[in-house]
Structure formats: structure tokens, C-alpha cells
Amino acid sequence: MAPPPHAKPENVLKRAQELVAVNKNSGALELLHEHVTSKRSRNSPIASLEPVMILFVELCVSLRKGKTAKDGLYQYKNIAQNTSVQTIELVLRRFIELAEAKVTEAQERAEQITVDAIDDLEASETPESIMLSTVSGEQSRDRTDRAVVTPWLKFLWETYRTVLDILRNNARLEIMYQSTALQAFQFCLKYTRKTEFRRLCELLRNHVQNAAKYSTQMHAINLNDPDTLQRHLDTRFQQLNVAVELELWQEAFRSVEDIHTLLNLSKRPAKNVMMANYYEKLTRIFLVSDNYLFHAAAWSRYYSLLRTSAAQVAAGQSTKKDSPATTEADLSRAASLYLLAALSIPVISQARSKGALVDVDEAKRNKNTRLTNLLGMARAPTRAGLFKDAIGKGALKRARPEIRDLYSILEVDFHPLSICKKISPILTQIAAEPDMKPYVLPLQQVILTRLFQQLSQVYDTVQLSFVISLASFPAPFEVTPSVIEKFIMNGCKKGDLSIRIDHAAGVLTFESDIFSSTKPLHTGSPTGSAEKETMSVQKLQSTPSEIVRTQLSRLAKALYLTVSHVDPEFQQARLEAKEAAYARAQAGAQKEHEEALARRTIIEKKKEAAESALLKKEKEEAQQRMIRAEEARAAEAARVAEQQKKRELERLRQEQEKIRKEELKKQLDELSLDTKIDVENLEDLDSNQLRAMKLAQLEKEKREMADKLRITGKRIDHLERAYRREEVKILPQDLERQRAEDLAAYEEKKRITLENSKKQHEDAVALKKRLGRLVVPYERFRDEIKQQRHQEFEQRRRTAEKQLRAEMEKRRQDVRAERERKRIAEEAAERRRIEEEERERQEEEERRKKEEELRAKMAEEKIKREEERKKLDEIAAKQRQREQEAEERRAREKLERDSFKRPSAPETTTPESGGGGRWVAPVRGGGWRDRVAAKGGDVDSTPPPPPVNGSGAAPPLSAPTERRRLNIAPRTAPIAREEVPPPQAAPAREVERPAADGPSADARPGVYRPGAISGRKLQAERPESPAAVADGEKPAPKSKYIPPSQRKEASSGGGGWGRRG
């Protein structure tokens, strides 16, 4: 089937507009989506596709189809990114504008809905709102926003994310990407969307991390480009500002780390105004985290940057646009905050101690290194170093007068009895400034530290009440005795103070043990005990422990000075030793230089090896990081789901708690208690306490009502008595007047009553006459009804009695049937039980019989197997005996055959000689020719013996000089008679061989048969050896020829390959 024809973009646009005109927006969107995502659209001109995309995004926004818009925009980006970037920016900008317009429209509609819902402007609460407030903590405005505004806010957030994903990692769309990120930041700030802001920051970080991964792609962004890096820095600075405005301090710190990373990548220095903003935000982050040391260090960097910017602007090296405000007021403010922050650094750390653990110290050291790098400092700051830097940069002169006075009191002067009294006015002035108010509490800790340090140099023992009176602060910042005691304990724990408290005597004792040491437990702490190295606190005298601790060094210094002034030879010896050292250094300089070069070569080799190992390790670590990142993503997804679940549960719990509080508040309002109850802290109230409060309130109201009634009754009694006294005077006149009025009223009432009675009597008489005609029919009808009802009653009574008797009889029958059924069931159960027991008994007997039969059968089979085994053993023994006899017979026959072989003189060996040649029968007196010649016979007349080796063919009979050939097959080398091996037993088989009357031994596979003799035929009438005849030996028995037809019968009796007669 051929594909459908591709429509032109103009036709598709026209068709979509027609569908929109008839309110078929979904169909028009589907048509446009199919056209945009079609592969054939890639060849369409951009000018004709742009109107299609504009209508496409309008429909997506109106129908709130974010995923469809994302799909279409991705496709359009792939089509147009290589030819026209402006059209992509136009479409995306239109997409964002439409989404923002929808949010604004939704907000206006929500406002209108809220206003229209109010019928009575004077009514503060309506019945509907009261009922809704009992089941929900949201107000009417919140519900309206959630129903109307929230969906469009969600769509706008998805719009920003979609646009950022489309524009990422494309250098040609970098400006649009940064502007969209700034718009997203403003969206989060305007609507206070903290969660979305965190996700946006994480999204931007991922885009920057992926930039290096996709650096080889076309139009990939290059972070080494100064303009690109500057745009990213601008975006991160805006991100930092928004994070600080939203008070997301962790996200702000991550933004600072991002800025620091980009600054390290940048080849051009950042603008001073941006760095000033950077350090100012760092000061706020460190202040919120209570890290006063790095907070002061950040102010130090900020103040140094202001001074540098002022100098550059004055020298014309920088413009005011790129530099922060450097007026005298700004410098004074920065210097005051810098010095105040440095003074607020706690001398004694207030952090909880975790012990001198290596891993804790290492983590703290790594953290301090990170913070130091963020500030761009060479080493970690210290309290004394910050003061020295402030004085060197003129911050003390530029600071406000009260800050300078505070510095003089805390760091220069020595006045333990009036330190708090002098600082109290300064604290009041500092608290009045919003920027300086957060420093009051840390300053109190520093003031208390200076107070106890200075008191320890003046007193050994002091009253606790006296110390408390010295540690007095202005009204809003009072310090309780418990706080002072806790401060002393913390200072003793950290090792900065050595104080013992005697509560019984109310005395503070400053320890003066000469062997005690106030060295801090945690050296190198960034926030505490910074003065142990610099001794910045003013001292009147050294403590006994310090005198004992330094007496050896002081003695050494004194002795050295004495020897230097008294003994001239000591100075001469020092000079000679110095000159000798110089001479040795000059003599060994060349050798040391060569050794240094050799060490350099070795170091380079080790460095190369270390670099290769490091690269390998980094590769492995990268793989491990990828695995850990994948696991972390999975764990993060699980954590997010768990947090979402927890947040939902927490929200439900808060709503329930809010409803409970509102109910308690209503009940408390109904009680109208005189005592004020904090409605924000109702967690301690329960139903029992509320019931008790209600009862107490009712008792109180009852008592108050009784008192009111008593007082009112007493007042009314007095008033009534006065009324009675005055009333007595006018009672006769009132009596006469009342009698006359009562008589007139009586006469009038009598007249009316008589008239009404007469009228009623006349009406009654007329009614009686009219109803008199109905009495007889009525009585007749009444009697008929009574008789009819009596008959019906009797009939129903009889019917009911019959039914009752029938039901009673039926019930009796049912009871009898039930009893009979139970009896039958019990008898059947009893029969089944008896049958079951009988069946089980029979089964047991059958099983026992079967077992006995089986045992008997197995015993019989065992006996049979034993007999068969014995028979088989006998057969095997007979077979082995026959095989042994056959082997012995073969051995004898082989020895007999060996006696016919002619020996060769040069190769004659005996079995005792151990030679390695062929075995030949021994010769007693030379050859047969010699023996015949010795007897006087003719050598030529005697035929020669046949050859014994069988190597040549038999000569013809006409040649008397040749020997007669024996028809004997070649054999293997014979062995001596003494070395005949015993016959080997046949290999074991699963089935025993049958008896001797079976097939011949030649055909059985288990019988030994020599390979050299098998298949050979022996000649009959074989002549004896002439040598043996000449010596007079007894000839060997002749072999008897057995025809082939008789071999089988002969072989069946023995078991060998042939029998001899």
C-alpha cells in the first residue's frame, strides 16, 4: 500500500484554522502534531513551517498539552537549528508568552471569583465558610487558587523546563537559554516556588555537567569561550540572589560552589560588582549557618574588594558601571561590619564536641579547605589574623566610633570590673541597627570570655553573686545565672577556662595548679581558642602554671646570653663552626648537584609511573562513580518518593491538628474565659482538661448568678418596702376606684355573656331539630356495623385457632422427625466407626501377611542366589583350571618347537650371558657337517637340515646342497624355558562363561592365544635335527597332523589351539 500523500504546510495550516473556527481545537492540534513530527516535514521550507508552529504552540497552551508541545518543539528544533535559529527563538518566546498570559488571566479570574462569591460585604463569616473551615484548613481564596491558578502555574513551570531542555548544549541558542533561565528564576521568586527552584538549579547543573560530555557534537557550547562563561556566571549570580531572597541557604551555598567552579574555568577576571555581590551573599550564608569565622573572612574579602575598586576607579583602570558603590559611607559600613564580625568570632567554641576523632578532624579540615577556596584565600582564616588584616587595611579607622570603642574594650584595655558596664551602651546602639543586631548574642559570649580571662589574672576566688552582678547586660539581652554557669562549664570542657564552682559556698575558684594546662582539647578549631597562639588578651602577670611551663626556656635564654657576654671563646667557636660549615657546603656542592640530578631523574620516572597509576585509578574511580551515581539516582528516586509520602502524611496530620485547634478555639470562645489562653499552643490541651475548664466555668457562672440574684433580691426588697410605705397612703382612693371599675366591667361582661348564651341556645335548638331526623338511620347503621364486625371477629378467631393447632401439630412432627434423624445419624456414625475399625484391622492383618510373605520370598530368593553364585564360582574355577592347563600346554609346545631351530655361531648366546641378541639353542660340538665328517660320512650325501628362521623359501629337491624349508610361519622372539610367564586370567565379565561343552577356545574372547602361532598349520613327518641325531639324543615327539574337519572336535575337548597325539 502506498503512503498517503504529504500535504504542504500551507494546506495543513488552512485546514487547522478551519477546525479551530468550528471549535475543534483537539482535532486541529492532532493534525498539526502529525504534520510537524512527520519525516517529510524536514524538507519543507522554514518560512512555511513557522506559522504552523505558531498555531501549534497556541493550541498546546490553550489545551494545556505540555508533552505534545515538547515533542513538536524538539522536532522543529532539529529541522531549523542548522538553517534559521531566529525562528526557533521566535516560536519558543511565543510559547512562553502565551503560558505567562494564561497564568495572569487565571489570577484575574480567581480574583473575580473571590469577589463574586461575597454576597454581604459586612458579614465576616458565612455559614458555608464556617462549615468548610471545620473540615479544611484552607480559606476560600486558597481553594479558588488551587482550582484555577495552580494548573496554569504548573503548566508554566513545565513550559520553562521544556524550553531549557530544548535550548541546552547549543551555542547558537545560548542567549535564549540564559534569558529563559532568568525568567524561570523570576517565576520562582514571584510565586515563592521553593521546590521548583531547587529542581531548576539541579537542572542547570546537569546541563553544565553534560556540556563536556557532548563537546564533540555540532554547535556544542564551549565553556572555554569567555563570552559563554560570562553568561553562565551572570545566570549563577542571579540564581544566588534568588536563593538568598527565598532563604534557601543550602541551595545558595551550592550556587556559590557553582560560581567558584566557573570562576576557576574563566580566563578573564570577573567584574568587581559581581564579586562584591558574591562576597555579600557569602556573608549572609555564613551568618545563617552560625559560622562567624568565615562570615568575618567574607566581610574581609568584601572590604578589600571595595578598597581595590575605589583605587581602580580613581586611577581610571575601571568604570563605575563595573564596580560596586565605593563612597565613604559604603566603606565605613563595610569596615564596621567587618570589624564587628571579627569581634563576634567566639573565643570558646559553642559547637558540640565529638571527641578527638581522626575522621571528624579530617572532615572538619576538608570543610575548612572548601570554604577557604570559596573565599579565594591562601590559607584558613583565624581570629587574630583577621584583626591584623583589619588594622593593616585601615578598617579600624573607617569603622564607626562605637565599633572602635568596642574593639578597644575587648582587645586592648584591661578592666574586668567594668567591662560589661562599658559595653552595655554600645550593645544598645548595635541592637538598634538591623544589620548589626544579629551580632549581639555572639558578642555576649566574647564579653563573658574576656570577663573570666581578666578575672582569673586578678582573683583566685570570687563570689558567684559578684560575678553575676558583673555580667549584666541591657534590658533585652539579660543573661541568667544558669547561662553563665553553662558558659563556664563549656569553657572548662574546651580547655580555655580553668574554673571550679562551689555552689554550697557560692564561690568561683580560678585554678592555680602549677602543673595544670589550659591547652585546648581540639587544636586547630576554626571557631574557638584562637588566642592560644597569639596571646592577644592583655595580661597583668603570668600564671603559676605558665611560669613553671616556661622556666626551662627562660633559663636557657639567660644562660645563652651570659655565655655570649662572658666567654669570648664561645663566640670564636661559633664563628669557626660556621666557617667550617660553609667550607663543607662548597666542597660537596658538585656532588649534591649530581645527586640532585639523579634524584630528579628518579623522581620523574616515579612521577610518570604515578601518573599512569593515577590515570588507571581515575578510570576505575570513574567507573565506580558511574555505578555509584546510578545507585544514588535510584536511591534518590526512592528517597523522593518516601519524602513525598511523608510530606503527604505530614500535611494530613497538620490539617487534622489545625481542625482540632480550631475546634478547641471555638469551644474556648464559647466558654468566654477571663484568663487569656495562647491559642497557638493548644497541644497541651486535651478533652479532659477542656471538660474540667468547662465545669469550672459553669461553676463560676453559677456562683456569679447566685451572687447577682442575692444582690438583686436585696435591692428589690428595699425598693418594695419603700413602695409599700408610699402605697399605704393612696390605697383607699385606689380601692374605691378599683371597685367602680370592677363593677362596670362585671356588668359589661354579664351582658355579653347573656347575649352569647342566648344565641348559642337558639343555634343548638335549631341543630337538634335538624339532626333529629338522622338518629334512627344512625342507630340502625351502627347495629349493622357491630354485627358485621362481630362475625368477622369470630371467623378470624376460628381461623387463627385452626392455624395454631396446625402449627402446633407441625411443630410436634418436626421435633419427632429431628429426634429420629439425630438417632439415625448417631447409629450411622457408630456403624461407620465400627466399620472403619474393622477395615483398619483387616488392612493391618493383610499388611502383616504381605510383609511375612515378602520376607519369606526374599529369603528364598537369597538362598537361590547363593546357590547360583556357588555354581558360577565352580564353573569359573573349572574354566580357570582349563585355561591354566591350556597355557601350560602351549608353553611346552613352544619350547618343543624352539628345539628345531638351527643356531648361528656368531649369534650364540645363553640365557645366563644376558646378551641382547636373538636366543639360539646351544651347540655341543660344532655343526652337523663337522659331526658327520668326524664319523667318516659324506657330507654331500646327507641332506642339509631345513632353515629354522623361516626367512627364505624351501630349495628344490634337485639341489642337494640346500636345506629343506619348513613350512613354519614367522614368530616372535622365543623366551627361555625358565622365563615362561604364567598364564594370565581372563578379564572379569558380568556374565560367567558356559561350561566346556560350548564353543571352542579359539572363538572365545577371554582365552589367551599367541598372535604369532594363531592360524599356522604344522607339517607332519617333520625330520629331526641332524645335530640331535648325531649326538644320540632322543628325538622330540612328532607332531600329529589333524585334518581341519577334525580340529573342531579335538579343540572342543581341551581348550588349546591344537592337540598332539
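Inspect all residues belonging to region 248-263 and state whether any of them is at pLDDT below 80 and open to solvent by 50 Å² or more (accessible area, probe 1.4 Å). Among the residues of region 248-263, at least one is at pLDDT below 80 and open to solvent by 50 Å² or more (accessible area, probe 1.4 Å), which makes the answer yes. Evaluated against (1) open to solvent by less than 40 Å² (accessible area, probe 1.4 Å); (2) touching a Ser or Thr at 6+ places or on another chain (Cβ under 7 Å), ASN222 falls short on exactly one condition, (1).
Of all residues being in contact with a Pro (Cβ under 9 Å, 6 or more places away or on another chain) and of a type in the set (Lys, Arg) in region 263-278, which is nearest to LEU223 (Cα to Cα)? Just the residue, please. Per the stated criteria, the residue is LYS267.
When you check ASP717 against the structure, is it at pLDDT below 85 and open to solvent by 80 Å² or more (accessible area, probe 1.4 Å), yes or no? So ASP717 fails the test. For beta carbons closer than 8 Å, sequence separation of 6+ or different chains, a first residue in region 376-392 that is open to solvent by less than 50 Å² (accessible area, probe 1.4 Å) and a second that is among the acidic types (Asp, Glu) and assigned to a helix (DSSP H, G or I), the qualifying pairs are ARG383/GLU531; ALA384/GLU531; ALA384/GLU533; PHE387/GLU411.
Reported count of residues in region 309-344, each being crowded, with 16+ Cβ neighbours inside 10 Å, out of contact with any helix residue (DSSP H, G or I) (no Cβ under 7 Å at 6 or more places or on another chain) and among the β-branched types (Val, Ile, Thr), is 1. Of all residues in region 471-493, which are open to solvent by less than 20 Å² (accessible area, probe 1.4 Å) and not in a loop (DSSP other than H, G, I, E, B)? Those that are open to solvent by less than 20 Å² (accessible area, probe 1.4 Å) and not in a loop (DSSP other than H, G, I, E, B): ILE484, PHE487, ILE488, GLY491. Applying the condition of being loosely packed, with under 15 Cβ neighbours inside 10 Å and closer than 26 Å to ASP330 by Cα to region 434-468 and asking which residue is nearest to the chain's Cα centre (by Cα) yields LEU441. Suppose the filter is among the polar types (S, T, N, Q), exposed (fewer than 12 other Cβ atoms within 10 Å of the Cβ) and either modelled with pLDDT of 80 or more or within 30 Å of LYS666 (Cα to Cα) (or both); does SER133 pass it? The answer is no for SER133. Take region 360-383 and flag every residue that is among the hydroxyl-bearing types (Ser, Thr, Tyr) and assigned to a helix (DSSP H, G or I). Result: THR369, THR372. Within region 633-649, does at least one residue satisfy the condition of being over 30 Å from ASN206 (Cα atoms) and at pLDDT 80 or above? Taking every residue of region 633-649 in turn, at least one turns out to be over 30 Å from ASN206 (Cα atoms) and at pLDDT 80 or above.
Pull up region 401-432, narrow it to residues that are open to solvent by less than 70 Å² (accessible area, probe 1.4 Å) and among the charged types (D, E, K, R), then point me to the one that is farthest from THR261 (Cα to Cα). If we take residues in region 401-432 being open to solvent by less than 70 Å² (accessible area, probe 1.4 Å) and among the charged types (D, E, K, R), then ASP413 is farthest from THR261 (Cα to Cα).
The criterion of at least 2 residues that are in contact (Cβ under 8 Å) with a residue 60 or more places away in the chain and within 18 Å of ALA380 (Cα to Cα) is met by the following helices (runs of 4 or more DSSP H) wholly inside region 222-303: 249-265, 272-288. From the list LEU371, LEU464, LEU448, LEU375, the lone residue that is in contact with a strand residue (DSSP E or B) (Cβ under 8 Å, 6 or more places away or on another chain) and farther than 17 Å from LEU340 by Cβ is LEU464. When residues in region 631-645 are screened for being surrounded by 11 or more Cβ atoms within 10 Å (Cβ to Cβ) and basic (Lys, Arg), 1 of them pass. Within region 384-424, the only residue that satisfies the criterion of being of a type in the set (Lys, Arg), closer than 18 Å to TYR303 by Cβ, in contact with a Ser or Thr (Cβ under 8 Å, 6 or more places away or on another chain) and in a helix (DSSP H, G or I) is ARG398. Would it be correct to say that GLU618 is within 52 Å of the chain's Cα centre (by Cα) and open to solvent by 70 Å² or more (accessible area, probe 1.4 Å)? Here the answer is yes, as GLU618 does meet what is asked.
The values are calculated or read from the model by the stated rules, or taken from the named source; none is laboratory data. What you are looking at is a predicted structure, and each value in this text was computed from that prediction instead of being measured. As a convention, Cβ positions derive from the backbone with ideal geometry for all residues, glycine included, and neighbour counts pool all protein chains shown. Just the protein is used for accessible areas: all its heavy atoms, side chains included, with ligands, DNA and RNA removed. Shrake-Rupley method; radii C 1.70, N 1.55, O 1.52, S 1.80 Å.
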